[in-house]
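Structure first, commentary second.
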């Protein structure tokens, strides 16, 4: 029988401790610091006049994201990109943008752009899913502040989004892989969902062992459980942030 505890003492379906601190960057329109175990990501949201050239004149707004890892975010120093982000960062920021555009009404932005910037302070696995979860809080706070400042109408954000990692490790499905587990997992998957339980994105990869439909369903079941808990953390953060 496989062991029921993981290397850090968690059960297979248990998240790492999660904390979301709203308003972490006071100068941003919206911001948060998300801490998921030892992974920490600063997320900011900015409301900027204008849209990309290809969107100009449409009457629609836009949302885009940038993602990066600070030099000391990993055990060996990561060099800053001089001219352009590396391919991994580009892929992740496109993922963040796709997911969060799904919960925004562009017709209410009146040719404004919402910029989401996600900067990894410490990386211990799950940085892209943590960035999505934290960036949603920053986005929702920025939208609320935009209404207060009368630069955005109500209803720009039409739902919620959060994301979590799952995988197959030592023959069992596990939730929220840290770096040690991610490096050893036979299957690695990232799941983004709306607050009402619909899928926004699935990224699943076999790392040497094919997985079957039953394993897939078990991973998705754990992902739903994890995202429910992340939504609770998001709601607490938003309640605290909107008091300020």
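Details
- Enumeration of residues in the range 146-178 that are touching a strand residue (DSSP E or B) at 6+ places or on another chain (Cβ under 7 Å) and part of a strand (DSSP E or B): 157, 161, 162, 163, 164, 165, 166, 167, 168, 173, 174, 175
- Summed over the range 224-244, the residues that are over 17 Å from residue 126 (Cα atoms) and either over 22 Å from the mean Cα position of the chain (by Cα) or without any contact (Cβ under 8 Å) to a residue 12 or more places away in the chain (or both) give a count of 5.
- Members of the range 199-223 found to be more than 16 Å from residue 126 (Cα to Cα) and surrounded by fewer than 16 Cβ atoms within 10 Å (Cβ to Cβ), listed by number: 199, 206, 207, 208, 209, 210, 212, 213, 214, 217, 221
- Of everything in the range 229-244 that is in contact with a helix residue (DSSP H, G or I) (Cβ under 7 Å, 6 or more places away or on another chain) and part of a helix (DSSP H, G or I), the residue that is surrounded by the most Cβ atoms within 10 Å (Cβ to Cβ) is 230.
- Within the range 16-45, being surrounded by fewer than 18 Cβ atoms within 10 Å (Cβ to Cβ) and not in a loop (DSSP other than H, G, I, E, B) holds for 19, 21.
- Checking each residue in the range 191-228 for being part of a loop (DSSP other than H, G, I, E, B), over 25 Å from residue 88 (Cβ atoms) and out of contact with any helix residue (DSSP H, G or I) (no Cβ under 7 Å at 6 or more places or on another chain) picks out 196, 198, 212.
To keep it simple, each residue is scored yes or no on (1) modelled with pLDDT under 95; (2) more than 17 Å from the chain's Cα centre (by Cα); (3) over 30 Å from residue 212 (Cα atoms).
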| residue | (1), (2), (3) |
| --- | --- |
| 114 | no, no, yes |
| 120 | no, no, yes |
| 126 | no, no, no |
| 146 | no, yes, yes |
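- Among the residues of this structure, residue 188 does not count as one that is under 26 Å from residue 125 (Cα atoms), out of contact with any helix residue (DSSP H, G or I) (no Cβ under 7 Å at 6 or more places or on another chain), in contact (Cβ under 8 Å) with a residue 12 or more places away in the chain and surrounded by 15 or more Cβ atoms within 10 Å (Cβ to Cβ).
- Meets criteria (more than 23 Å from residue 22 (Cα to Cα), in a loop (DSSP other than H, G, I, E, B), at pLDDT below 95 and over 13 Å from the mean Cα position of the chain (by Cα)) for residue 77: yes
The values are calculated or read from the model by the stated rules, or taken from the named source; none is laboratory data. Since the structure is predicted, the reported quantities are computational estimates derived from the model, not experimental observations. Note: ideal-geometry Cβ built from the backbone for every residue, glycine included; neighbour counts use all protein chains shown.
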